[in-house]
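J.: Input: one structure, supplied below.
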Amino acid sequence: MVFALVALVVLALLAAVHRYVWRRFVGDTTVPGSTMRKAGTAAAFVLPLLSVGAMTSGRIGAPFWLQQVLAWPGFLWLACLLYLTLALFVGELVRPVLLRVLARRDKAAAQPVTERPAPEIGTSSGTTAEVPGETRPRTEELVPVASAGAPTSSEASVRTTPEAAPEPETTPEPEAKPESGPERPAAPAPAPGPSRRLFVSRVVGGAAAAAGLATVGYGTHNVLRGPSVKRVSVPLAKLPRAAHGFRIAVVSDIHIGPILGRAHTRRIVDTINATSPDLVAVVGDLVDGSVADLGSAAEPLSALRARHGSYFVTGNHEYFSGAEQWVDHVRELGLIPLENARVEIDGFDLAGVNDVAGETEGQGPDFVRALGDRDRARAAVLLAHQPVVIHDAVEHGVDLQLSGHTHGGQLWPGSYLAELANPTVAGLERYGDTQLFVSRGAGAWGPPVRVGAPADITVVELASRQA
């Protein structure tokens, strides 16, 4: 009942997010009935169906080829949906600012242009006087004005000729306007552009699409290029001087599956072997699928090389994929499963417990069986998939617990959610007398994308305080 309720809430949330993404990328940026709107609407229905198929095909026993067909587009769309939605949320802050700026620009462009002042002409007194445009004489009618006291040639002739009499003043006739030529055809009106709101929607949508898809592309590259190698030194008070510098290659969450297959496994094995470890610890979530489908993809694990061998403990995904069959298969590949068991290594005890997901099958962690009768004067290193069992480790005197499970959040801001469910999301922390190291993992679950949480293989070097 609770599971069904959670499933309904998740589906309702996904539907609401898809509706929002469709509105911003399709509804607000395309014209009703256009080809682009039809294509965007079809994608809004098809892509979530692919995602649901990718997440459920393995659980319902669909053919492996169908799982592979659905996995890439279905899981990648989930990552795209996350970062497109986050980019749109940022766009909601930018949208009103752009609308306001464009509104001010359009308002300024619509204001009338102020008329220029009429030109000025000189006067006989040396000052300037403005001539109204309607009475301004033509260029050929302008008479040069002499300077003060200097008569013009016309005035001289009038004064020296006695017969000349002043002409009576006459009212000048109004200046005839030149006849207008043939009327020119009016310029065609410019084609109407997109509305201000449509323009802003397209700008914000385009920027959000570019940012979201670029982020997913970057995160996919982070997964496909393989994990990087980290190194950390962990001092143990009980570790003898002879074991100082002992190197454990810790790898978790490989997640061999429909997307990450044999080439992914080979890349991880080669990276581990290049570190020349003394011991290899595979701390759960090796696979996402059955031995029948993924057994061959896991075969490169048989090439792991370490002086003290390679060890394996189950993760929660093994119990989704047939844990017993996988334990038998990794044993055939040369790994040593630690099912609530312990072995003695030179200088310390190495123990391993089943994942807590095995409790539903009666195969959960048993700390008493793994650690109950040991000599507590010796240092103890525990392999446990989930960090949440750290308090049991403290109670049983474990010096160092090596875990995975969190993926470091895998997709930012998933790290904040991972902090709610795990005491440590990544790295080394101390709980009482016990230290906990959590790996970010070497693969990816669901979308083959990592953002803000790069994949890693960590070489943990044990340090003796006696050295």
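The values are calculated or read from the model by the stated rules, or taken from the named source; none is laboratory data. Values in this document were obtained by computation on a predicted structure and should not be read as measured data. Glycine also receives a Cβ, built like all others from the backbone with ideal geometry; neighbour counts cover every protein chain displayed.
J.: Can you spot a residue in segment 339-358 that is over 18 Å from residue 280 (Cβ atoms), touching a strand residue (DSSP E or B) at 6+ places or on another chain (Cβ under 6 Å) and either in the same structural domain as residue 301 (by TED's automatic domain parsing) or among the charged types (D, E, K, R) (or both)?
T.: No: zero hits.
J.: May I ask you to verify whether residue 297 is modelled with pLDDT of 95 or more, assigned to a helix (DSSP H, G or I) and under 25 Å from residue 240 (Cα atoms)?
T.: No; evaluated as a whole, the condition is false for this residue.
J.: Taking the criterion of being on the phi > 0 side of the Ramachandran plot, buried (at least 23 other Cβ atoms within 10 Å of the Cβ), in contact (Cβ under 8 Å) with a residue 40 or more places away in the chain and touching an Asp or Glu at 6+ places or on another chain (Cβ under 8 Å), would at least one residue in segment 302-319 satisfy it?
T.: No, because not a single residue in segment 302-319 is on the phi > 0 side of the Ramachandran plot, buried (at least 23 other Cβ atoms within 10 Å of the Cβ), in contact (Cβ under 8 Å) with a residue 40 or more places away in the chain and touching an Asp or Glu at 6+ places or on another chain (Cβ under 8 Å).
J.: Shifting gears a bit: Restricting attention to segment 18-50, report how many residues are in contact (Cβ under 8 Å) with a residue 24 or more places away in the chain, closer than 24 Å to residue 92 by Cβ and buried (at least 17 other Cβ atoms within 10 Å of the Cβ).
T.: Qualifying residue count, segment 18-50: 8.
J.: Tell me, which residue of segment 207-216 that is over 8 Å from the mean Cα position of the chain (by Cα) and surrounded by 15 or more Cβ atoms within 10 Å (Cβ to Cβ) is nearest to residue 268 (Cα to Cα)?
T.: My answer is 209.
J.: Moving to a separate point now. Identify the residue in segment 370-417 that is in a strand (DSSP E or B) and polar (S, T, N, Q) and, among all such residues, is surrounded by the fewest Cβ atoms within 10 Å (Cβ to Cβ).
T.: Among those residues, the one meeting the criterion is 401.
J.: So, of the residues in segment 273-291 that are closer than 22 Å to residue 446 by Cα and without any contact (Cβ under 8 Å) to a residue 40 or more places away in the chain, which turns out to be surrounded by the most Cβ atoms within 10 Å (Cβ to Cβ)?
T.: Result: 287.
J.: To continue, here is another question. Only one residue in 87, 15, 79, 62 is under 26 Å from residue 409 (Cβ atoms), more than 18 Å from the chain's Cα centre (by Cα) and surrounded by 10 or more Cβ atoms within 10 Å (Cβ to Cβ). Which one?
T.: After applying the criteria, what remains is 15.
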